[in-house]
Each structure stands twice: as C-alpha cells, then as structure tokens.
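Visitor: This is the structure I want to talk about, given as structure tokens.
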Amino acid sequence: MLNFQVKSPGKIILHGEHAVVYHKPALAAVVGVGTTLKFENAAEDNKISFKLEALNTTFEIDIGKFNNFLKHCRTKFPECKLENAVQLLEEVRLELAKQQDDVVDLGSPKKQQTQKAFISIYYLLAGAILSSPVKDLELQQPFTITIDTELNIGAGLGSSASYGVALASAFLVYAQHFDLTNYKEEENQQLISAWGFESERVMHGTPSGIDNTVCTYGGMLRFVKGQGFQTVKILRPLHILLVDSKVKRATADIVAKVRHLGETFPEVINAIWNACEALVNTAIPIYENFGTCQDDSEKFEKLEHLFQINNDLLKAIGVTHPKLEQIFSIAFKRGFFSKITGAGAGGYAIVLLPENYASNEVYWKLKEELEGAGFGVHATTAGGEGLLMEPL
C-alpha cells in the first residue's frame, strides 16, 4: 500500500445562516484551511494507530479483534451498503462498549469529542472494508494515520466534516473502492461525501449534509434543507479574512433562542427570513459573474453591501456579541465590510477582501489592529478546491 496524504478543507456559510433552519436557501463555500491526514505503513505487528493532534490523543486498533468484528458483521448482514449503515453503526457502538478500555484514551480532557472521533474511525473503516469490491477483505498490514487540522473545533468552520471526509477518502482508498488517480470521478466523490455524512451523524446526530458535501466537492453550494444542493459556478475564489472572536458558544442554544424569538414575533422574524432568501438569490449571480471582466469593482461593491445587509439581519435576530461588534467596528473603520458566519454569538466573523489586498497598506493595518485586540486572524479564500489526495 502506498503512503499518501489527504487534504480536506473546512467551510463557511457565506449567506443564509439561521434562515436555512426554516427551509430558506443558504450559500456555503470551502475555505483555504482544513484538515491534513497522512496514511503511512508501519512496522509494528498486529496494530493500526491513529494520532489525532488537535485532541492530543492516540488510538490503537488490534488487527485480530477488528477482523473478528468484520466476520461477525458479515454473518449478520452479508452485503454491507450505505443503505444498512444504521445497522452497522449500532454494531460498532456495541463492539466498542465491550472493548473501549483497550482502544480509547479516556484520559483525554476532551472525552466526548474523543469518543465520537474514535467511533467515527471504527465505523468508517468497517464500512469501507465491508462494502469493498474486494470479497472478504480484511485488515492485514499495520499502518499509522496522523490527522492534524488548522480548524478550531466547534467554531463553525466545518471541522468535523473536514475530519470525516478525510477519514472516508483514506479508508475507501485502503479498501480499493478507487485510487489516487480517480478519486475525483463523480461516483467516487459521491461515495466519499456519503461516508463523510455518516461520520457527521456520529458527531451531530442529525446533520444537514451541507458540510460534508462542500468539503468533498469544494467551491460554493446553494443549499435548501430537504431539497439538496446546487453548485454555484464561480470563476475564482473570493479573498476573505477569517477572524476568530475566541468566544465559545453552543450552536443548539443559539438556534433555540432564535426559534423562541420567531415564536414571539412570527411576522417580524418571517420577514427577516424572506429578506435572507432574497439576499441569497441576489448574491448568486454576482458570485457567478465575479471575475468575468478586468474591473470587478462594481460587483465587489455590491458584495460589500450584501455582507453589510446580511450582518444587520443577523444582528436583528440577536446573534451578535460584543467581541463580534468590536471586529465589525475595526473593519468598518478601515473601510472593510464584515459579517457573522455560522451560528454567531461568538465563533468567527469574515471580512471581505479585494483582489489586491496584500499590496494594500490599509489591510496590514487592519490585520495588526485585530491581532492587537486579541483576535485570531487568517487571510484565506472562500470557494476554492475541495478534497485533495496525493502520494507521500
């Protein structure tokens, strides 16, 4: 087996946060930061190991025990497909409940995240092997997988989907569903995204599917809950500044507060959701035509205004925070437009940057002021490449 590397991007919501919960469209795009997975053959007998740098955790799987689990599954459901993945996940949970002390480092300070991360590994590895085109495939040679990420966990940048898509692609290559030369074929991308979604089910219970899809395919997607995805055909990625407010928050609590607001003032909040829908529909043709001519200044100005309007709509439903307001103020003072991305009440803001931002002295002053105020700052792109795999 070749040593190889997987790079899986994170994502942001450009427009439509919160409104997407109420069946309005949202726009999601990959960002130029993400998760890196390295698959390397190992000399150690009878074990495969997983090093998760972000969780400061190492897992080991005993090859003999895992192969016995595969045999058990084959007797229960001879044909493992995505359609019976729910049954496989239940078997994985039962198996790990029996052997958890042997394989999971429960000394990790992030115990719940650690347990979910390991369940996802075991589940996706079993799923990829059991559904392999190679009959009765088993684990044989030991290997090591090292996973590191540039994404803050739980900050709304799709870190769990990026992790799941990276794992899924590596295990599907290992199980010979495809290889490093044809992983970008549509059928294979669908398979990666589908198993990435299964990882998201472990992490979140009832994910929308938008994160694993955009992390696999890249670019920009329009998404409506229950209706699937449409690709927004952009010519080039946007330049953005990711700004970490460093304020932790629970997305479920914020969504519940917004729901309560909607129940209290239904006509007012429904009007905001309708405005969010109109904003997404207005933004799409601008994004699709961005880069079609030498001077995009007029389109860029329209995007700046849409960023501002979108942010004000999000403020109207109460999902800002004093730290976010400080970011908006610093950006606006320097002539840049910014907005909340994701659930809000903390997490990240995004600042829209012009094409030539790196040669703009004002940009460097903005970056310096944001960093001086204690915020995490990272210049990147939105709408770039999706999953990448390459030999090491």
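Visitor: Can you find a residue in segment 371-392 that is part of a helix (DSSP H, G or I) and farther than 30 Å from residue 6 by Cβ?
Guide: Taking every residue of segment 371-392 in turn, at least one turns out to be part of a helix (DSSP H, G or I) and farther than 30 Å from residue 6 by Cβ.
Visitor: Taking strands (runs of 3 or more DSSP E) that fall entirely within segment 1-93, which contain at least 3 residues that are open to solvent by less than 80 Å² (accessible area, probe 1.4 Å) and within 19 Å of residue 131 (Cα to Cα)?
Guide: Values: elements: 4-15, 26-41, 47-52, 57-62.
Qualifying strands (runs of 3 or more DSSP E): none found.
Visitor: Tell me, which residue of segment 215-231 that is in a strand (DSSP E or B) and β-branched (Val, Ile, Thr) is nearest to residue 359 (Cα to Cα)? Break it down stepwise before answering.
Guide: Quick first cut of segment 215-231, residues in a strand (DSSP E or B) only: 218, 220-224, 228-231.
Subset that is β-branched (Val, Ile, Thr): 224, 231.
Details: 224: 38, 231: 32 Å.
Selected residue: 231.
Visitor: If residue 214 satisfies all but one of (1) of a type in the set (A, V, I, L, M, F, W, C); (2) closer than 19 Å to residue 25 by Cβ; (3) open to solvent by 20 Å² or more (accessible area, probe 1.4 Å), what's the number of the condition it fails?
Guide: Looking at each condition in turn, residue 214 falls short on (3).
Visitor: May I ask you to say which residue of 383, 372, 376 is under 30 Å from residue 174 (Cα atoms) and either touching a Lys or Arg at 6+ places or on another chain (Cβ under 6 Å) or not polar (S, T, N, Q) (or both)? Even if it seems obvious, please write down each step before you answer.
Guide: Numbers: 372 fails: under 30 Å from residue 174 (Cα atoms); 376 fails: under 30 Å from residue 174 (Cα atoms).
That would be 383, the only listed residue that is under 30 Å from residue 174 (Cα atoms) and either touching a Lys or Arg at 6+ places or on another chain (Cβ under 6 Å) or not polar (S, T, N, Q) (or both).
Visitor: Let me ask something else. So which residues in segment 248-266 are hydrophobic (A, V, I, L, M, F, W, C) and either open to solvent by 30 Å² or more (accessible area, probe 1.4 Å) or touching an Asp or Glu at 6+ places or on another chain (Cβ under 6 Å) (or both), if there are any at all? It would help to see each step written out before you state the result.
Guide: Taking segment 248-266 as the starting set, the residues that turn out to be hydrophobic (A, V, I, L, M, F, W, C) are 250, 252, 254-256, 258, 261, 265.
Those that are hydrophobic (A, V, I, L, M, F, W, C) and either open to solvent by 30 Å² or more (accessible area, probe 1.4 Å) or touching an Asp or Glu at 6+ places or on another chain (Cβ under 6 Å) (or both): 250, 252, 255, 256, 261, 265.
Visitor: Where residues in segment 287-321 are hydroxyl-bearing (Ser, Thr, Tyr) and either touching a His at 6+ places or on another chain (Cβ under 8 Å) or assigned to a helix (DSSP H, G or I) (or both), which of them is modelled with the lowest pLDDT?
Guide: Step one: list which residues in segment 287-321 are hydroxyl-bearing (Ser, Thr, Tyr), which gives 287, 292, 297, 320.
Among the residues that remain, those that are also either touching a His at 6+ places or on another chain (Cβ under 8 Å) or assigned to a helix (DSSP H, G or I) (or both) are: 287, 297.
On the way: 287: 96, 297: 91.
The qualifying residue modelled with the lowest pLDDT is 297.
Visitor: Which pairs turn up if I take residues in segment 213-227 that are farther than 18 Å from residue 190 by Cβ and look for partners that are part of a loop (DSSP other than H, G, I, E, B) and among the β-branched types (Val, Ile, Thr) with beta carbon separation below 9 Å, at least 6 apart in sequence or on another chain?
Guide: Between residues of segment 213-227 that are farther than 18 Å from residue 190 by Cβ and residues that are part of a loop (DSSP other than H, G, I, E, B) and among the β-branched types (Val, Ile, Thr), the close pairs are 220/234.
Visitor: Here are some residues: 234, 269. Which one is in a loop (DSSP other than H, G, I, E, B) and more than 27 Å from residue 153 (Cβ to Cβ)? Break it down into steps so the answer makes sense when it comes.
Guide: Numbers: 269 fails: in a loop (DSSP other than H, G, I, E, B).
The unique qualifying residue is 234.
Visitor: Among the residues of segment 336-346, is any open to solvent by 30 Å² or more (accessible area, probe 1.4 Å), part of a helix (DSSP H, G or I) and without any contact (Cβ under 8 Å) to a residue 40 or more places away in the chain? Before the answer, list the steps.
Guide: Of the residues in segment 336-346, the ones open to solvent by 30 Å² or more (accessible area, probe 1.4 Å) are 337.
Cutting the leftovers down to part of a helix (DSSP H, G or I) gives us none.
Checked segment 336-346: no residue is open to solvent by 30 Å² or more (accessible area, probe 1.4 Å), part of a helix (DSSP H, G or I) and without any contact (Cβ under 8 Å) to a residue 40 or more places away in the chain.
Visitor: Restricting attention to segment 344-370, which residues are under 20 Å from residue 283 (Cβ atoms) and under 21 Å from the mean Cα position of the chain (by Cα)?
Guide: Selection gives 344, 348, 349, 350, 351, 352.
Visitor: Quick one: in segment 299-332, which of the residues that are open to solvent by less than 50 Å² (accessible area, probe 1.4 Å) and aromatic (Phe, Trp, Tyr) is farthest from residue 272 (Cα to Cα)?
Guide: 300
Visitor: Among the residues of segment 99-154, which ones are at pLDDT below 80 and either open to solvent by less than 20 Å² (accessible area, probe 1.4 Å) or assigned to a loop (DSSP other than H, G, I, E, B) (or both)?
Guide: Of everything in segment 99-154, those that are at pLDDT below 80 and either open to solvent by less than 20 Å² (accessible area, probe 1.4 Å) or assigned to a loop (DSSP other than H, G, I, E, B) (or both) turn out to be 99, 103, 104, 105, 106, 107, 108, 109, 110, 154.
The values are calculated or read from the model by the stated rules, or taken from the named source; none is laboratory data. Predicted model, so just to flag it, every value in this text is computed and none were measured. A quick note on method: Cβ atoms are made from the backbone with ideal geometry, for glycine too, and the neighbour counts reach across all protein chains shown. Protein only, heavy atoms only, side chains kept; ligands, DNA and RNA dropped before computing areas. Shrake-Rupley method; radii C 1.70, N 1.55, O 1.52, S 1.80 Å.
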